[in-house]
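Shown next, in structure tokens, is the structure this report addresses.
The values are calculated or read from the model by the stated rules, or taken from the named source; none is laboratory data. Remember, it's a predicted structure, so these values are computed and weren't measured experimentally. Methodologically, a virtual Cβ is constructed for each residue, glycine included, from the backbone with ideal geometry; neighbour enumeration extends over all protein chains shown.
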Amino acid sequence: MLRFLTGHYGYWFTLILLTIGLYGMIFKRNLVKKLIGMTIFQVSIIMFYLTCAAKFGGTVPVLIDDSGPAAVNPAAYINALPHTLMLTAIVVGVATTGVAFAIVITIYKRYKTLDEDVLLERMKKDHDAPAD
């Protein structure tokens, strides 16, 4: 898996996922399909960061031997910051998806549709209807 992330294949796979997610968000009319597209888009961004941070032959940034600071070769270590940030991005993505699905459920309960065009039409009718 690491060889996949360190070569150009990871970037091509990221670009394909990004395109699929963007297509789903822009061109699909169903709100659930838009959310699936958003999730695919988020995963592609996370994959991009992890692909950029991967280093073939690198090791974790933990100093095992105590032979002094002169023995430390910083080029042999993997930068842990992008991996840490992507863990945070995964948590934020899951929370965003959960809130979005809760909003979609509320929209469906109120308007009985998930189609964007029908939903906008019904929302316009609700807005233009006289208040009781």
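Brief remarks follow.
- Pairs where the first residue, in the range 44-72, is closer than 14 Å to Y9 by Cα and assigned to a helix (DSSP H, G or I) and the second is aliphatic (A, V, I, L, M) and at pLDDT below 70, C-beta under 6 Å, 6+ apart: T51/L5
- The set of residues in the range 11-64 being among the hydroxyl-bearing types (S, T, Y) and in contact with a helix residue (DSSP H, G or I) (Cβ under 8 Å, 6 or more places away or on another chain) consists of Y11, T14, Y23, T39, S44, Y49, T51, T59.
- Residue count for the range 74-106, restricted to those that are in a helix (DSSP H, G or I), of a type in the set (A, V, I, L, M, F, W, C) and closer than 14 Å to Y49 by Cβ: 7
- The lone exception for M47 - which of (1) farther than 21 Å from M25 by Cα; (2) modelled with pLDDT under 95 it fails: (1)
- Look at the range 107-123: where a residue is outside any helix (DSSP H, G or I) and a partner is surrounded by 13 or more Cβ atoms within 10 Å (Cβ to Cβ), sitting 6+ places away or on another chain with Cβ atoms under 7 Å, you get T113/L119; T113/R122; L114/N30; L114/L31; L114/V32; L114/V104; L114/Y108; D115/N30.
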